Amino acid sequence: MIQDPRIDDYIARAQPFAQPILSHARQLIHRACPSVEETLRWSMPSFSYKGKILCQMAAFKAHAALGFWQREQATGKTADDKAAMGQFGKLESVADLPDDATLSAMIMKAMALIDDGVTTPRPIKHAKPPPVPAPDFAAALAATPAALATFNGFPPGQRREYVEWVDTAKRAETRASRIAQSVEWLAEGKRRNWKYESC
């Protein structure tokens, strides 16, 4: 069993309640996956198998955490992002971990996923809703088919630039001017920041 001394130091510096949790999880990981490799990633203990992240753990002031990189594919549990990092919530004692047999099975499941080349898509945590022009802007676009076609053909980010530019106008005159300018540029097939594209 090859251990990274930096993880020994990490555990030694953790709060007293967290030390047995981290030590126990670490031992189980090594027992279930003898070829595991230890390192620190993002300042946390990280365990890899065949060059892929298997799981990570961390200690905080009032709780510890353990999480599998393959998340629910390995554990069958969905993480509660508001509760804590990982799939097991805020760990305050070894008893908060799954029992040894269950956790070992999860580790082996995570290994099998890596062996099979299964990847886990990372969730988009702050996905923005599609941009929707306000009624006055939408009416101006509808009145100029070429502008509407360009607008609808743009990806969401480029549409959002126009919508936000119009919506952030503070005065009615400014808003009307921006709508007219947007329609003109869109009819010409131009993105909102077309002036700066060749800079």
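Each reported figure results from applying straightforward, stated rules to the coordinates on display, with no laboratory input. Quick caveat, the model's predicted, so the values are computed rather than measured. Glycine gets a Cβ as well: all are built from the backbone with ideal geometry, and neighbour counts include every protein chain shown.
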Measuring from centroid to centroid over Cα atoms, what is the spacing of the stretch 143-157 and the stretch 34-73 in Å?
46 Å
Hey, any idea what the orientation-averaged projected area of the convex hull of the stretch 135-196's Cα atoms comes to, in nm²?
3.9 nm²
What aspartates and glutamates could a cross-link reach from residue 61, if we take a straight Cα to Cα line under 16 Å and drop same-chain neighbours fewer than 8 places away?
92
Strictly over 19 Å apart at the Cα level, which of 52/128; 128/195; 52/109 would you flag in this model?
52/128; 128/195
Per residue, the convex hull enclosing the Cα atoms of the chain spans a volume in Å³ of 200 Å³
Measuring from the longest principal axis of the C-alpha atoms of the chain, the long axis of helix 100-115 (C-alpha) lies at a number of degrees, nearest 10, equal to 50 degrees
Those GluC sites (Glu not before Pro) in the stretch 136-199 that DSSP places in a loop and that have at most 12 other beta carbons within 10 Å
188, 197
Taking 7 Å along the Cα-to-C-beta vector as the label spot, tell me the residue 170-residue 118 distance in nanometres, rounded to one decimal.
5.5 nm
Any chance you could get the radius of gyration and Dmax over the Cα atoms of the stretch 5-115, in Å?
12.6, 36
Based on DSSP H runs of at least 4 residues, each adding -39500 (n - 2.57), what is the mean residue ellipticity at 222 nm of the chain after dividing by all its residues, to the nearest 500 deg cm²/dmol?
-13500 deg cm²/dmol
From the phi of every residue in the stretch 135-146, what ³J(HN,Hα) in whole Hz does the Karplus formula 6.51 cos²θ - 1.76 cosθ + 1.60 yield, where θ is phi - 60° and glycine or proline is x?
x, 5, 5, 4, 5, 5, 5, 4, 6, 10, x, 5
